[in-house]
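Presented below is the structure to which this report refers.
Just so you know, all these numbers are worked out from the coordinates, no wet-lab data involved. What you see is a predicted model; the values in this text were computed from it and never measured. No Cβ is skipped: glycine too gets one built from the backbone with ideal geometry, and neighbour counts run over all protein chains shown.
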2 protein chains.
Amino acid sequence: MATLSQIARLAGVSVSVASRVLNGDPKLRTRPDTRDRVLKAAKDLNYTANYAGRALRLARSKALALIIPAVSSPLFADLLSGATEAAEAQEYTLLIGRSDRITAGSDTLRRLVGEGRVDGFLLQRSDDLSDQALENLVANDARIVLVTSRTPGRRGSVILDDVAGARLATEHLVSLGHTRIGLIGGVPSSDIARRREQGYALALHEANLRRREAWVRRLGYSPEMAAAAMESLMATDPRPTGVVVANVNGAIGALTALRRLGIDVPGEMSVVAYHDEWVAEHTWPPLTTVKMPYYQVGVQAVQSLLSQLSGSPPQDVVVRDPAPLLVQRMSTAPPPPRP
Amino acid sequence: MATLSQIARLAGVSVSVASRVLNGDPKLRTRPDTRDRVLKAAKDLNYTANYAGRALRLARSKALALIIPAVSSPLFADLLSGATEAAEAQEYTLLIGRSDRITAGSDTLRRLVGEGRVDGFLLQRSDDLSDQALENLVANDARIVLVTSRTPGRRGSVILDDVAGARLATEHLVSLGHTRIGLIGGVPSSDIARRREQGYALALHEANLRRREAWVRRLGYSPEMAAAAMESLMATDPRPTGVVVANVNGAIGALTALRRLGIDVPGEMSVVAYHDEWVAEHTWPPLTTVKMPYYQVGVQAVQSLLSQLSGSPPQDVVVRDPAPLLVQRMSTAPPPPRP
DNA sequence: GGGGACTGAACAATCGTTTTTTCAGGGCTC
DNA sequence: GAGCCCTGAAAAAACGATTGTTCAGTCCCC
């Protein structure tokens, strides 16, 4: 590739002038034709600034790392799209890492920043990564924003309005006439799970419905865990007539469990899931879900990180726009008549 | 972060010695205690070599880009895992891009290499990216390996044994007693689709079964396209009793279509899919699939690219190990008795 | 016509590594 | 004891870009 000095030689100017013209330095005074010669030379030689040279000089890599668990979830795509687009808009590149590969002792994250490969992180932690473990993972002064999660520390974060989302899901069951509503939630140590449960509780409370601990499960979001949770939920007496599953992938597992048990959905049991994704349309029955603005979380997270990089203090933001949206499909219906 | 010159100062040596000790330069002669001092200093200061400095000097970024369409498919996860692990093993980092965002006129790929951000590409093209368009996208001398696809040009490639996989799927239906077997394949312009169709044809031929063009659809791999294909297939007379769907995501759509039509699976119609993913276990009925070694494709692709980077000529490799594996679930059964 | 202000551009330092070249000193040989 | 070789390390150049400083020429004013 062409270098700046080649441009300069071709245009008959010094490197510094070439650089300044190409960067649009406002402090540079130049004759129009000099400018034009540089621009033309750059175009002819198909110039793009060498990344390493620039990064070295500026001590900025203009790259961000997005660290995610469970890349296999289609949900991930929305987040990635948002983050990618926001990053590209600011001429940043995005690196993807998997947080399930980042064990407690690993120094992958430290090194990424230490080597100057990235300027900061977007980190969606897996549910079993404690606040403490998180702090051990990254350098103290690392720029980082937590995605869909929070930490007591002074790190930035961008989260969904989990309370509102879970509440909307629960309210949907309430409005169908359900009075015995269960929850298949995340593990108790996760702040996300706690917020979703809060939304669930809130909706029940407002509907004057009794909240029974026996109808709540907190095993996690994977299809397998949610399936197990659903099975144990079905063994309660009386059992719920509707269940809120705090993650769509879990809901898919839950449907499988119900099918195994021979329980008709939505005839005997309604299922509504937090989060929407294309697969939800193709389950049987197609899942009623609450669509959350995951794409915007990606966008917002990048912006938040970028503003942190330019000196602003870390902030905790909640994405409320667009609002959680109920996507009604076929897995919910009024409860069966009382026997 | 600590720089080399800080290490050198602390150890009381010159920068060059520090660098060579830390890189294990075999040509360096040094007293053991000098070595030790450098090593200790590096450890004390928690040194990691600055990435930009090194990249600038070596003219190598030690980064690769993986460009993929449809990040939303869980299939993607396997490929990514393989590629990531292989890359990390060689101390390369991986950048993820979406090929559906890379339009014909875009110079994203050129720039990535032009700026020296990455040393080469792994590119899984979307089905509608022609050989010509591909060549326009990347610089002539770009190091690139095509993933699961080939091009007539002199680019490297790593592909699955599509023929064997599709053949295995078809043979499964044959062995169940089906004689009227359809195919829902990819678009005709795709080399992948052609190979899978070839495997299908081969299996039919070997079973002495007639191949009817009316039972073949070539609309593409998306759930929607495959659903449309399935519907039109069901309108043929006589209609097939079993269908090979050349992509698991398509098969999910196909099941939805059959459900809409009120056709019992597998009672009236058997469905077997190329590729396996976790969602296949949770459809109704759970999908019988052929699991392909996607993870190994990721590994192999990285290795292939790396060897190309170190001077070897591009190669076309077919991943045959592990061999395609039939994962029998519940979407296939013997054909219904002739009326 | 001499001095100051301004214009338009070159010079030069710097970022952190790697690597070739140079060099000082000590010990050995003859 | 002069020359040589060897050891162990320092010096220096280079990668490509950015940016503060310097500088040569021109114009204008008095």
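Between helix B:248-261 and chain B, what is the angle of the helix's C-alpha long axis to the longest principal axis, kept within 0 to 90° and rounded to the nearest 10? Helix B:248-261 and the main axis of chain B meet at about 30 degrees. With its label point defined 7 Å out from Cα along the Cα-to-Cβ axis, residue B:28 lies at 3.9 nm from the matching points of the other copies, in increasing order. Projecting 7 Å from Cα along the Cα-to-Cβ direction, the label point of residue B:153 sits 4.5 nm from its equivalents in the other copies, listed shortest first. Shielding value for A:52-58 is 6, the average number of Cβ atoms from other chains within 10 Å of each residue's Cβ.
With all pairs of separate Cα atoms included, region B:4-49 yields a Kirkwood hydrodynamic radius of 10.1 Å. How far is helix B:162-175 tilted off the main Cα axis of chain B, in degrees rounded to 10, range 0 to 90? Approximately 30 degrees, to the nearest ten.
Within region A:2-104, the percentage of alpha carbon pairs spaced more than 16 angstrom apart rounds to 67%. Among B:320, B:195, B:111, the residue with the largest mean-square fluctuation in a Gaussian network model of chain B, with springs joining Cα atoms closer than 10 Å, is B:111. Restricting the trypsin sites (Lys or Arg not before Pro) of region A:141-178 to loop positions (DSSP other than H, G, I, E, B) with no more than 12 neighbouring Cβ atoms within 10 Å leaves A:154.
Histogrammed with a bin width of 20 Å, the alpha carbon distances of chain B distribute as 28, 43, 20, 8, 0 percent, first bin at zero. Cα centroid distance between region B:70-84 and region A:22-40, in Å? Measuring centre to centre over Cα atoms gives 45 Å. Between residue A:268 and residue A:85, the FRET efficiency estimated from the beta carbon spacing at R0 = 35 angstrom works out to 0.20.
For the protein assembly as shown, a Kirkwood hydrodynamic radius built from all Cα pairs, placed in the Stokes-Einstein relation at 10 °C and 1.306 mPa s, yields a translational diffusion coefficient of 57 µm²/s. Shape annotation for region A:108-200: C-alpha extents along the principal axes are 58, 19, 19 Å, from largest to smallest. Considering only A:14, A:175, A:157, the Gaussian network model of chain A with Cα springs below 10 Å gives its largest mean-square fluctuation to A:14.
Tell me the net charge near residue A:309. Cut-off is 14 Å between Cβ atoms, residue A:309 excluded, with +1 for each Lys or Arg and -1 for each Asp or Glu.
It works out to a net charge of +1.
Once you sort the root eigenvalues of the Cα gyration tensor of region A:170-279 as a ≥ b ≥ c, which label holds: rounded (a/c under 1.5), prolate (a/b larger than b/c) or oblate (the other case)? Because its axes are fairly even, with a/c under 1.5, region A:170-279 counts as rounded. Across the identical copies, the label point of residue A:224 (7 Å from Cα in the Cβ direction) is separated from its matches by 3.4 nm, in order from shortest. Using only the alpha-carbon atoms, how far is helix B:32-44 inclined from the longest principal axis of chain B? Give it as 0 to 90 degrees, nearest 10. Between helix and principal axis, roughly 60 degrees. Normalised by the number of residues in chain A, the average gap of Cα pairs under 8 Å and 6 or more apart makes the relative contact order 18 percent. Reducing region B:187-234 and region A:110-183 to their Cα centroids gives an inter-centroid distance of 44 Å. Peptides A:278-286, B:221-229 ranked from most to least packed give B:221-229, A:278-286, packing being the mean of other C-beta atoms within 10 angstrom over each peptide's residues.
Sorted from greatest to least, the principal axis extents spanned by the alpha carbons of region B:49-130 come out as 39, 30, 16 Å.
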